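These notes concern the structure reproduced below.
Values quoted throughout were computed directly from the atomic coordinates according to the rules given, and no laboratory measurement underlies them. If you're wondering where the values come from, they're calculated on a predicted model, not measured in any experiment. Cβ sites come from the backbone with ideal geometry, for glycine too, and all protein chains shown count toward neighbours.
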Amino acid sequence: MGTKCKIAVLGSPAVGKSALVVRFLTKRFIWEYDPTLEFTYPCSCQVDDEPVAMEILDTAGQVESNQTNFEGTVRWADAFILVFSVTDRHTFKQISILKNQIDEIKRSKNVSCVIIGNKIDLEHQRQVGTAEAERMAADCATAYFETSACDGSPEIDEAFHEVYREVKRRRYLD
Ligand code: GDP
Ligand code: MG
């Protein structure tokens, strides 16, 4: 069975949320994934030799624009993976806005969260530098990972594992 952990994957449309979730679950890359599909995947995995029963919610659409649905999602989740594309500055700007909205709904700054900058394989199209993203993540007090869902970087697994470690640390604090 393992410890339960509900993770919501949030971010602007087309940043690669579904590609990252599918890659984490199956170790495969799917080029086209229905952008309107919102689905919760059960996943049993090991984090630091500990069995964990994750539920991963791959959100779809402009979550921010549907306030009720967004609030419900935030309340449901124990932890958050916030994804932007390093090739699209607009999606990067959305991250701190999302983080503030989550903090407000959870009524806490102590929210378990990691940030992913995805699509680093498209280096020639990069609009957001690593150092800049690291500073933003530090402001949000979260870890930052850079990934490519199509190359399958080990950082993808690392991000999912780290967000669980965050939940665990905070459970100890409570
Ligand atoms: P979502 O709307 O955030 O769930 O994004 P999707 O997972 O549906 O991906 C949107 C588009 O970006 C699709 O065409 C994917 O093939 C593509 N994509 C996702 N991740 C990557 C990546 O790491 N590198 C590249 N080059 N394309 C990606
Ligand atoms: Mg999707």
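Within the stretch 131-174, which residues are exposed (fewer than 14 other Cβ atoms within 10 Å of the Cβ) and hydrophobic (A, V, I, L, M, F, W, C)?
A131, A138, A141, L173
Quick one: in the stretch 3-31, of everything that is assigned to a helix (DSSP H, G or I) and of a type outside the set (D, E, K, R), which residue is surrounded by the fewest Cβ atoms within 10 Å (Cβ to Cβ)?
Going through the stretch 3-31, the residues assigned to a helix (DSSP H, G or I) turn out to be 17-26.
Those still in the list that are of a type outside the set (D, E, K, R) too: 18-22, 24-26.
Details: S18: 23, A19: 25, L20: 26, V21: 25, V22: 18, F24: 24, L25: 16, T26: 10.
Ranking the qualifying residues of the stretch 3-31, first place goes to T26.
Within the bounds of the stretch 67-83, is there any residue that is within 11 Å of ligand 1 (Cβ to nearest atom), free of Cβ contacts under 8 Å to residues at least 60 places away in the same chain, β-branched (V, I, T) and surrounded by 14 or more Cβ atoms within 10 Å (Cβ to Cβ)?
no
If you take the residues in the stretch 33-55 that are out of contact with any helix residue (DSSP H, G or I) (no Cβ under 6 Å at 6 or more places or on another chain) and under 22 Å from F92 (Cα atoms), which one is surrounded by the fewest Cβ atoms within 10 Å (Cβ to Cβ)?
The residue in question is T36.
Any chance the stretch 119-130 includes a residue that's within 21 Å of L25 (Cβ to Cβ) and buried (at least 18 other Cβ atoms within 10 Å of the Cβ)? Reasoning before the result, please.
Step one: list which residues in the stretch 119-130 are within 21 Å of L25 (Cβ to Cβ), which gives 119-121.
Checking the rest, the ones that are also buried (at least 18 other Cβ atoms within 10 Å of the Cβ) come to 119-120.
Looking through the stretch 119-130, at least one residue is within 21 Å of L25 (Cβ to Cβ) and buried (at least 18 other Cβ atoms within 10 Å of the Cβ).
If I ask for residues that are farther than 15 Å from Q46 by Cβ and touching an Asp or Glu at 6+ places or on another chain (Cβ under 7 Å), which ones from the stretch 16-29 would you list?
Looking only at the stretch 16-29, we keep the residues that are farther than 15 Å from Q46 by Cβ, and these are 16-23, 26, 28-29.
Passing the criteria: K17, S18, V21.
If I ask for residues that are touching a Ser or Thr at 6+ places or on another chain (Cβ under 7 Å), polar (S, T, N, Q) and touching a residue at least 60 places away in the same chain (Cβ under 8 Å), which ones from the stretch 99-143 would you list?
Listed by number, the list holds a single entry, N118.
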